[in-house]
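This report refers to the structure that appears directly beneath it.
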Amino acid sequence: MATYRELLAQVKGEIDEIGAADARERTESALFLDVREHDEWDEGAVPGAVHVPRGQLESRIEGLVPDKDRELVVYCSGGSRSAFAAKSLGELGYRNVASLTGGFTDWKRNGYPIETPTTLTPSQRARYSRHLLIPEVGEAGQQKLLSSRVLLIGAGGLGSPASLYLAAAGVGTIGIIDADVVDDSNLQRQIIHSTKRLGEPKVQSAKDTIEALNPDVQVKTYEERLTSENVERILADGWDVIVDGADNFPTRYLVNDASVWNDLPVVHGSIYRFEGQVTVFKPGHGPCYRCLFPTPPPPELAPSCAEGGVLGVLPGIIGSLQANEALKLLLGIGDGLQGRLLLFDALATTVDEVIVKRDASCPVCGESPTITEYIDYVEFCAGPRVTS
Amino acid sequence: MTAIRIPPTLRNEVGGERQVEAHGGSVREVLEDLARRYPALESQLFEDGELATFVNVYLGGEDIRTLDGLDTTVDGLPMILLPAMAGGC
């Protein structure tokens, strides 16, 4: 039976090893793989390196590096763990792997660049562990979420599940605009509120629920209706994504125009009875709301949920789809709903999709815009069809 | 026959049906036949003989405004009528 020393010598004989100077020359071409433990990584690493603790290497590497021809430089602190890691990678089919002899210690001694990664605390690591296991999210993605800012229009049916899931996911700052107070008739679907919060401002109720769910999240409340007068002030607080769960057309068109002019993506959701619509409007990358619906319908064709009702679970489904789209936008992963309008029918349990194209003659995002500043949206949505 | 999906806001006009059928070779003919079968729909779909601007019509998943409008040949593709919904409630 071999001793550790003998085993290490044997493994080192079977892999490629390079010194710190050689490794430095490969910083442009190769992916550096840091197989040290979290506490070692926290104190500094090779810039751009991907961190996979040695104990998780075999289970996670194929998700992180699907290309087995990718040039890899593996390092630990002194070159021993990385030697075993390199051997294991070779057995998994990675064909271009080198272990850094002397490890990170030697790299640092040579005065080569290092960076101190921003890291998750142990409690964050536990809280977001299911995200950290997904290669598309991982620690870098979770950091991105924690530094992200999402503005929700409305803390009602759609805003409730959307804000809860975004908060649970660790979106670091959530803004909520809503002027209403919690009412009995909200509680059949607006799951962020509760019976004991009846009569409280919805933004405060939502803030309390989110802070109880996840103390990592800062909630910024706006107890007001979104208007042409306050929209720029609110957007000036700095947001990455808007989740639109408004309950009226004037606000929908206002949100659209503001998002185009401020270059902000909007995750749109709307619901009525058993049916919901979801899409994403990303300025410069597809249509805007006005391309989809150039003219608001007359009031008799656009009853609100208060007039026509809504199945309680429907906003849960549509608002969760909105949260999903928002998270993908923040993480820069997957295929978003830009250019596609998803139609969900809860009664038939069907999902349909229609194509939405940018309209070159759109008055706001088209080639020759005719609307270039905020208008009276209530008047615009009342339209010429309304007569006394 | 073209199958036409009716949005919830227009279902009262078609006896509560989620989907109905109508004849015609073009989108215009199908919608006119639809309005003949369900006269209450006419004022909701047409303004001065043209499709109301607040109603979107999709044929095979494509907005007819990006095809040939009301002159688009239906070709047996399913049709969806879709007005905007505001509700986030």
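Values in this text are rule-based calculations from the coordinates and carry no lab data. Just so it is clear, the model here is predicted, and its values are computed rather than measured. Positions of Cβ are generated from backbone atoms using ideal geometry, with glycine treated the same way; all protein chains shown enter the neighbour counts.
Couple of notes before you dig in:
- Those lysines that a straight Cα-Cα span of less than 16 Å connects to A:LYS12, excepting residues fewer than 8 apart in one chain: A:LYS87
- Extending 7 Å from Cα along the Cβ direction at A:ALA140 and again at A:LEU7 yields two label points whose distance is 3.2 nm.
- Estimated FRET transfer efficiency (A:LEU92, A:ILE333; beta-carbon r; R0 41 Å; 0.05): 0.95
- Share of pairwise Cα-Cα distances greater than 43 Å in the protein assembly as shown is 32 percent (whole percent).
- Potential lengthening of the chain between A:ALA179 and A:THR195 amounts to 3.9 nm, from the contour at 0.36 nm per residue minus the alpha-carbon distance.
- Ranked list, fewest to most other Cβ atoms within 10 Å of each Cβ, for A:LEU158, A:LEU342: A:LEU342, A:LEU158
- A Förster distance of 56 Å, applied to the separation of the beta-carbon atoms of B:MET1 and A:ARG70, puts the FRET efficiency at 0.50.
- Relative contact order of chain A, pairs being alpha-carbon contacts under 8 Å that are 6 or more residues apart, as %: 12 percent
- Lysines with Cα under 23 Å of A:LYS144, excluding same-chain neighbours fewer than 8 positions away: A:LYS207, A:LYS220, A:LYS282, A:LYS328
- Think of chain A as having a plus end and a minus end, set by charges on the Cβ of Lys, Arg, Asp and Glu; of A:LEU132, A:LEU292, A:ALA2, A:ALA2 sits farthest toward the positive end of this dipole.
- Taken one residue at a time, the phi angles of segment A:124-136 give Karplus couplings (6.51, -1.76, 1.60, θ = phi - 60°) of 5, 4, 6, 4, 9, 4, 6, 6, 5, 6, 8, x, 5 Hz. Gly and Pro are set to x.
- Scattering profile of chain B at q = 0.12, 0.14, 0.21, 0.22 Å⁻¹ [log10 I(q)/I(0), Debye over alpha-carbon scatterers]: -0.31, -0.43, -1.00, -1.11
- Two-site FRET efficiency, A:THR118 against A:ALA348, from Cβ-Cβ distance with R₀ of 56 Å, rounded to 0.05: 0.75
- Estimated Rh, segment A:231-274: Kirkwood, alpha-carbon pairs, angstrom: 11.1 Å
- Converting phi to 3J(HN,Hα) with the Karplus coefficients 6.51, -1.76 and 1.60 and the offset θ = phi - 60°, segment A:35-43 yields 9, 7, 7, 4, 5, 6, 4, 4, 8 Hz in sequence order, with x at every glycine or proline.
- Relative to the Cα centre, the charge distribution of chain A, modelled as +1 at Lys and Arg Cβ and -1 at Asp and Glu Cβ, gives a dipole magnitude of about 640 debye.
- Counting neighbouring beta carbons within 10 Å and listing from fewest to most, the residues A:VAL364, A:VAL35, B:VAL30 come out as A:VAL364, B:VAL30, A:VAL35.
- Ranked for footprinting exposure by Cβ neighbours inside 10 Å, fewest first, A:ARG189, A:ARG130, A:ARG70 give A:ARG130, A:ARG70, A:ARG189.
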